[in-house]
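Have a look at the structure below before the remarks.
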Amino acid sequence: MKFARFIAAGEIRTGVVSGEVIREIEGDMFTAWDYTGNVFHCNDVSFVAPLVPRHVIGIGANYVAAREQLPAQLPDIPVFFFKPSSSVIGPEADIVIPNGIDEVKFESELAVVIGKEAKQVSEENVWAYIFGYTVANDVTAPQFFHPDGHWTVGKSFDTFTPLGPVIETELEPRSVSVKARVNGEEKQNSPTELMIISISKMISYLSSVMTLQPGDVILTGSPVGAELVGPGTVIECEVDGIGTLRNTFVAAKAPAVSS
Ligand code: MG
């Protein structure tokens, strides 16, 4: 099933996409919901991020270029970081390059949406806690990484976490590819089997540290090929079976001068 949030007749609504139509639902997507009976055509609505995440957690440097580069030994502590939910935008919304810099990096990623409270979950059992999957763009301004190694500022600007277009609940995440196109030219295209830390390992590990809750979103890392891009660039992030998340990079407006 493909869940989406969208604006129609001036309201943000939630629905299930099938083909070219969206059937509106009411209730909690994660627990109990019903169809309202309202049906919209996809062309008549504007999609927004498919959920308002509770937490957004990313993992750093999680892909190799080829199978033979997969390390025999995994790191003891994976490199995780948080992104604020205020950085989330939906499909077609502009990604704003902060004042003072000319370029930012796109990172196309498969994003996991947690659907059930998860605490101390074993690797074999993580699948029961996953609600579905969406596409993310983990936009990054490495110019704002702290020299001591902290990434928070460079990952946190408003508009730096596009999500969408839908949450697909029936995906097999171990057999899809994560892709990115810049102005139509392919820059990233890797199967998820090139992940260093697998989805089951990363969720099991996280659940041993913090209790994961419905609405938590985990960005699983970006394939080789992410680049710095400037204003006017159109970025399309795509995962087989979910769809394409398209956004345009724009320059920030100059800050207002106070008198
Ligand atoms: Mg990333």
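Descriptive notes on the structure:
- Looking across segment 158-197, just one residue is without any contact (Cβ under 8 Å) to a residue 24 or more places away in the chain and closer than 16 Å to Gly221 by Cβ, and that is Pro191.
- Residue in segment 143-153 that is within 16 Å of the ligand (Cβ to nearest atom), within 19 Å of the chain's Cα centre (by Cα) and buried (at least 24 other Cβ atoms within 10 Å of the Cβ) present: no
- All positions within segment 30-53 that are surrounded by 14 or more Cβ atoms within 10 Å (Cβ to Cβ), away from the ligand (no atom under 16 Å from the Cβ) and closer than 30 Å to Val79 by Cα: Phe30, Val48, Ala49, Pro50, Leu51
- From Ile101, Ile97, Ile22, residue being away from the ligand (no atom under 16 Å from the Cβ) and either outside the structural domain of Cys237 (by TED's automatic domain parsing) or exposed (fewer than 13 other Cβ atoms within 10 Å of the Cβ) (or both): Ile22
- In the set (1) more than 16 Å from the chain's Cα centre (by Cα); (2) part of a helix (DSSP H, G or I), Ile203 fails one condition alone, (1).
- Some residue of segment 244-252 being modelled with pLDDT of 95 or more, touching a Leu at 6+ places or on another chain (Cβ under 8 Å) and either in a loop (DSSP other than H, G, I, E, B) or under 25 Å from Val176 (Cβ atoms) (or both): yes
- Residue match in segment 161-173 (condition: under 16 Å from Val104 (Cα atoms) and either crowded, with 23+ Cβ neighbours inside 10 Å or out of contact with any strand residue (DSSP E or B) (no Cβ under 9 Å at 6 or more places or on another chain) (or both)): yes
- Taking residues in segment 211-228 that are on the phi > 0 side of the Ramachandran plot and within 16 Å of the ligand (Cβ to nearest atom), and partners anywhere that are among the basic types (Lys, Arg) and not in a loop (DSSP other than H, G, I, E, B), the pairs with Cβ atoms closer than 7 Å and at least 6 places apart or on different chains are Gly225/Lys187.
- Taken together, the residues in segment 202-259 that are exposed (fewer than 14 other Cβ atoms within 10 Å of the Cβ) and under 29 Å from Glu124 (Cβ atoms) amount to 4.
The values are calculated or read from the model by the stated rules, or taken from the named source; none is laboratory data. All values derive from a computational prediction rather than experimental measurement. Please note: Cβ atoms are built from the backbone with ideal geometry, for glycine as well, and neighbour counts cover all protein chains shown.
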